[in-house]
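Inspection log for the structure reproduced underneath, given as structure tokens.
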Amino acid sequence: MVRAMRVPAFIEPFIDVLFPPRCPLCGEALARQGGLCAACWLTLAVPGEPSCELCQRPFPDGTANGTVCARCLAERPRHDGIAAAALYNDPTRRLILAFKHGHKIALSDLLARMMVARLPTCANAVGPDWLIIPVPLHRWRLWTRGYNQSALLAGEIARVTGARLVVDGLARIKATPSLATLGRKARSRVLSGAIVPNPRRAELLRGAKVLLVDDVYTSGATSGACVAALKRAGATKVVISCFARVLDEALPFSEAEAMILPEVETKTPGALLRASS
Ligand SMILES: [Zn+2]
Ligand SMILES: [Zn+2]
């Protein structure tokens, strides 16, 4: 697995001379490496409260605590919660594209720190007794991209939380086409049997508490297949940790399209969007 290289503290001043710290979104000069400028921080949308009790989908202000969203009511999710660092909007899309396709793997540190900040605290605190498992890539995809972006994030999250990284807890044994243009039923048909628990990790997965790491949570189809595989293997709890969560499922996350048309305007999740500060 490829890991973002960590440099010793004494080397940092030299790196800063060679590569002056810059905001990855707008290029503004920064005081130190690995962050965003103040103006870009304000463009990120952090999902807030009140939210769906089962999936943490943010609700408009004034919604009563304990309310469950329509999607969860229609079909009770098998996961045990979704912790998203940010809502999917133009700035988060550009961060993800740079990280995923621009080979800016140094961004994994920033994105993972934001994801850890959103992990459930108190009873659900993710610690050394948890397993951190990334959403797997098929080996062809891994070969063409060179790294699994979710595995990079999972490695950073494991380092910060002290939980155990099991990078091969799941395997994608079937190459699947882009799910962006498919409907709900077609997505689950395409994914059926595509993701399986690794038999060599059976012992570890039985009775485990798992943090499943994904970069973008779109329709929930892929992560849903991962959650089902983990629960089949005997995991007692699976919480999903993602960097960006798409709230408006009508908005397809088509990476190819976004790469060709970098200026394409994305729709904000409207009233559900809460600006972070
Ligand atoms: Zn900036
Ligand atoms: Zn929900």
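The values are calculated or read from the model by the stated rules, or taken from the named source; none is laboratory data. Source: prediction; values computed, not measured. No Cβ is skipped: glycine too gets one built from the backbone with ideal geometry, and neighbour counts run over all protein chains shown. These accessible areas exclude ligands, DNA and RNA; they are computed on the full protein's heavy atoms, side chains included. Shrake-Rupley method; radii C 1.70, N 1.55, O 1.52, S 1.80 Å.
Heavy-atom accessible area with a 1.4 Å probe sorts H79, H103, largest first, into H103, H79.
Cross-link pairs exceeding 26 Å in C-alpha to C-alpha distance, out of K104/K209; K174/K231; K185/K231, comprise K104/K209.
When the residues D61, D90, D214 are ordered by accessible surface, computed with a 1.4 Å probe over the protein chains alone, the sequence from largest down reads D61, D90, D214.
A simple packing score, the average count of other Cβ atoms within 10 Å per residue, orders the peptides 24-37, 158-171 as 158-171, 24-37, with the highest score first. Surface composition of segment 107-239: carbon and sulfur atoms hold 57% of the protein heavy-atom accessible area at a 1.4 Å probe.
Counting only protein heavy atoms and a 1.4 Å probe, segment 136-229 has 46 square angstrom of accessible area per residue. A simple count of charges around T161, restricted to other residues whose Cβ falls under 13 Å of its Cβ and scoring Lys, Arg +1 and Asp, Glu -1, yields +3. Summing charges over neighbours of P199, with a neighbour being any other residue whose Cβ is under 15 Å away from its Cβ, gives +3 when K and R count +1 and D and E count -1. Label separation (W140 vs A64): 5.1 nm, computed from points 7 Å beyond Cα along the C-beta direction.
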